[in-house]
1. Determine the shape class of segment B:214-353: with a ≥ b ≥ c the square roots of the Cα gyration tensor eigenvalues, call it rounded for a/c under 1.5, and otherwise prolate if a/b is greater than b/c, oblate otherwise.
2. Need one value for A:202-212: mean number of C-beta atoms belonging to other chains within 10 Å of its residues' C-beta atoms.
3. Using the Cα gyration tensor of segment A:147-234, with a ≥ b ≥ c the square roots of its eigenvalues, what is the shape: rounded (a/c below 1.5), prolate (a/b larger than b/c) or oblate (neither)?
4. Would you mind checking the pairs A:Lys311/B:Lys54; A:Lys20/A:Lys289; A:Lys20/A:Lys311; A:Lys20/B:Lys54; A:Lys26/A:Lys311 and listing those with alpha carbons more than 20 angstrom apart?
5. Can you give me the pair-distance distribution of chain B, C-alpha pairs, 10 Å bins, whole percents?
6. What is the minimum Cβ-to-axis distance for chain B, in whole Å, where the axis maps B onto A, and to which residue does it belong?
7. What percent antiparallel are the DSSP beta bridges of chain A, to the nearest 5?
8. Per residue, what volume in Å³ does the Cα convex hull of segment A:18-109 take up?
2 protein chains.
Amino acid sequence: MSWEDNVRRTVPYTPGEQPKISNIIKLNTNENPYPPSPSVAKVLSRMDAGELRKYPDPAAQRLTDALSAHFGVPADQIFVGVGSDDVLAMSFLTFFNSGKKIFFPDITYSFYDVWADVFRIPYETKPLDENFHIRPEDYFGENGGIVFPNPNAPTGDYLPAEEVENIIARNPESVVIVDEAYIDFGGRSVLPLIHKYENLLVVQTFSKSHSMAGMRIGYAFGSRKLIGYLNDVKYSFNSYTLNAPSILAGEAAIEDEDYFEDCCCRIVATRERTKKALRELGFVFADSKANFIFVRHPQLDAGQLFQDLRKANIIVRYFPKARIDQYLRITIGTDEQMQVLLDFLKDYVRKHV
Amino acid sequence: MSWEDNVRRTVPYTPGEQPKISNIIKLNTNENPYPPSPSVAKVLSRMDAGELRKYPDPAAQRLTDALSAHFGVPADQIFVGVGSDDVLAMSFLTFFNSGKKIFFPDITYSFYDVWADVFRIPYETKPLDENFHIRPEDYFGENGGIVFPNPNAPTGDYLPAEEVENIIARNPESVVIVDEAYIDFGGRSVLPLIHKYENLLVVQTFSKSHSMAGMRIGYAFGSRKLIGYLNDVKYSFNSYTLNAPSILAGEAAIEDEDYFEDCCCRIVATRERTKKALRELGFVFADSKANFIFVRHPQLDAGQLFQDLRKANIIVRYFPKARIDQYLRITIGTDEQMQVLLDFLKDYVRKHV
């Protein structure tokens, strides 16, 4: 008998590389190419560092109130955490305790099976169809909970709100988590449905559309009951999760609606231009409503292309996994960054195809 | 059957009040009365908000390296988290999986039983002796893990390093967590013992002695193996727990050793003066090596005194629990703050005793 016998063994999630060199084009972690709202810089530079000696507000009320005003949802139906990963981890822990299998797609955010494993939650993956669409009817069977991103990652495929509602409506006995990390790039949120279904949790984040991956702020909407249970578990884990700068920066970012809209529009415009150019080079992909495109080229090996891009200081994301090992996930950067990528690919296709 | 049947029900920890009014003397949450090192303000004001668009370093390497240099411990034997609460929560989840009861004192940090409950870990509390000392021999029986603060909270009682080692040495089959949140105010850390016992985890924090409760940074030392397992669980929960400002501020604070030493010395000096004055007023207390004193007055009702202090805009902490409901925990503030408290108490004792 050793202390090691009682350790929770787990195989962690592998995040995308965060290289320390600076002369690279980083299109591998779906970060926003634009800085956060100028008002974020302003509140942070004005912050009184002396106040850091005190604990932050455990309820992060200023941030929750700002989210409440922006989304028109009462503050007690909003949960906040250290990025949407923290929100999702807490949600798995809180809601998926039936002992029954939870369902999520086979090709999806690769943290879901990690959370299921670390909390010893049984799960079953539901294969996307051959076009990488979620089949709603796969989620109608008996289950211990449901979670999927919309748009899905890494595919970018968007499930229309009516089909999402269909899944929720058919599962009154489970909590359904819709992970809307990428919803601001062209999808329609199912947020209004929280008033209709008390078992729906809608999760969003400041990491992508609000350009604040470095600040770690995620949030979720749900019925009062659902959010109450989630907060009970959160306050049983760590009273103060969001630090003082996060609360201030989050509030500032959410209030600058014009900047946010403009930023999302620019990314969507760049994405559509990039799609067109990639199509002309022979790449194929499901339509994406996210800030990335999941592409393959019928005549190119994705693993090789990934390596060759890396050598040219362009980093994209490659998943050496079943069904998707001939795909690359390319984050939408600035127009200038995408042009460098496209110039490289044009040359590459000419040489290799 | 309803979705609610599968919810993890839990009774959360109640943190000390964070009042929103400003004209109060706040001696209730063991915050440091002094601001963090001036270099914290400097790095935060120089921080490039534009960089927040990117994810932070998941390993928080700059902070871990600064801790490594300061403590002379290799970086791969250091774990960091969102306050020591996050570090402790992750540790409970990682190490206490035997199904056997874990042990901790009956009077101690009131988050331990909350973590045990939320993770469904059985536990047994070990009564402090009549002087509120931990009895090491209570921790020699078969168990699934051991955790205690040193100095203990809310008592302030310090267990000499030799006795702590005795507990560790007798428990090779369990992980022993020594929660040293208050160690910098006069105790001697058992940190060197991590090189001798691979099952020892020593947890510390920036919230108290480094004046950064608002920044949420905790850390822990242990054997490579122990820290490796802890990181596996952390990376299975949330890849990026510390945000960019935390990493910078933590690094700056730890490097300013002179400021830190000076700050701790001032608090210890104020504590010793306060002890003397309280004794003269008839208060009794175990000797404290923390930044608080746990006091009672044989002729005064603690609950009443707590209320009366509150009316005078002085907030201390009162725990309406068995064995300690005639005690108040008073955080050490500035000399000026303690003088206001002592003046109030002098008058109060004159009137009520």
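1. Prolate, because a/c is 1.5 or more and a/b exceeds b/c.
2. 2
3. In terms of gyration-tensor shape, oblate.
4. Violating the 20 Å Cα-Cα cut-off are A:Lys311/B:Lys54; A:Lys20/A:Lys289.
5. With a bin width of 10 Å, the distribution comes to 5, 24, 32, 25, 12, 2, 0.
6. Spelled out, residue of B and its Cβ distance from the axis onto A: B:Pro245, 2.
7. Rounded to the nearest five, the antiparallel share is 50 percent.
8. 218
The values are calculated or read from the model by the stated rules, or taken from the named source; none is laboratory data. Note that the structure is predicted; figures quoted are calculated from it, not measured. Glycine gets a Cβ as well: all are built from the backbone with ideal geometry, and neighbour counts include every protein chain shown. The protein model used for the area step is the full one, side chains on, heavy atoms only, and it has no ligands, DNA or RNA in it. Shrake-Rupley method; radii C 1.70, N 1.55, O 1.52, S 1.80 Å.
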